Amino acid sequence: MTTTIPRQFSLSVNNELHEITVEADTPLLYVLRNDLGLNGPKFGCGLGECGSCTVLVDGVAARSCVIPIQIIENRSVTTLEGLSVDGQPNPVQQAFIDNQAAQCGYCLNGMIMTVQALLLRNPSPTETQIRNELRHNLCRCGTHVEIMAAATAAANIPK
């Protein structure tokens, strides 16, 4: 096992600059949760498969459990906590609240962040595009109907 010497990284997370000293291959998720105290992104599979750890990197959905901190420097990271404005949920978060799209809530971070990334790219997606976007986010509780209702509401797709 090779160990690397910790070094300092400058990170922009939720529009705040942070100086963190860690090993270069430390996963972004560990820094977000352990060093910055941000609990929106969850540790699920640790392999980038389930989506629970999803964040936005420069506005694009990314799995933070498999992204080494060294490639995040000079990029903008947004977590679930960074979506709200003045403590108020953003439209995607509000749609998930209004549609009661949570059961256990473990997948919710990934679902919300994935929908947010889609809407940044495509403000008027179809239901098929939303389904396609969410297909790699796992929900064990089976709240898929409510999640789709929330996502289509956030995208202003009529019922």
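Rounded to the nearest 10 degrees, the angle from helix 108-121 to the longest Cα principal axis of the chain is 80 degrees. Counting neighbouring Cβ atoms within 10 Å and putting the fewest first, the residues Glu146, Glu16, Glu23, Glu133 line up as Glu16, Glu23, Glu146, Glu133. With contacts taken as Cα pairs under 8 Å and at least 6 residues apart, segment 7-80 reaches a relative contact order of 39 percent.
Using just its DSSP H runs of length 4 or more, each adding -39500 (n - 2.57), the chain gives a mean residue ellipticity at 222 nm of -7500 deg cm²/dmol after division by all residues. Here the chain is assigned +1 on the Cβ of each Lys and Arg and -1 on the Cβ of each Asp and Glu. Its dipole about the Cα centre then comes out at about 440 debye.
For Phe43 and Thr128, a Förster radius of 30 Å and the Cβ-Cβ distance give a FRET efficiency of 0.45, rounded to the nearest 0.05.
Near Thr54, the amide H atoms lying under 5 Å from its own belong to Lys42, Ser64, Gly110; only residues 5 or more places off or on other chains count, and H is placed 1.01 Å from N.
Legend note: in the chain, cysteines whose Cβ sits 4.7 Å or more from every other cysteine Cβ are Cys104, Cys141. The angle between the Cα long axis of helix 144-154 and the main principal axis of the chain comes to about 90°, on a 0 to 90 degree scale. For the listed peptides 49-55, 102-108, a ranking on the average number of other beta carbons within 10 Å per residue, highest first, reads 49-55, 102-108. Counting only Cα atoms, the size of segment 91-154 along its three principal axes is 29, 23, 17 Å, in decreasing order. In the elastic network of the chain, a GNM with C-alpha springs shorter than 10 Å, the most mobile of Leu120, Leu11, Leu80 is Leu120.
Taking the square roots of 5 times each eigenvalue of the Cα gyration tensor of segment 7-80, largest first, gives ellipsoid semi-axes of 17, 13, 11 Å. Starting from a Cα-only point model with no solvent, please compute log10 I(q)/I(0) by Debye for the chain at q = 0.09, 0.11, 0.12, 0.18 1/Å. Log-scaled intensity ratios, in q order: -0.29, -0.43, -0.50, -1.04. Scanning residues 5 or more positions from Phe9 or on other chains, those with amide H under 5 Å from its amide H are Ile20, Thr21, Val22, with H placed 1.01 Å from N in the peptide plane. Note: relative contact order over the chain, using C-alpha pairs below 8 Å and six or more positions apart, is 22 percent.
Laboratory data are not the source of any read-out in this text; all were calculated from the coordinates shown. These numbers were taken from a predicted model, which means no experiment stands behind them. Note that each Cβ is placed from the backbone with ideal geometry, even for glycine, and that neighbours are counted across all protein chains shown.
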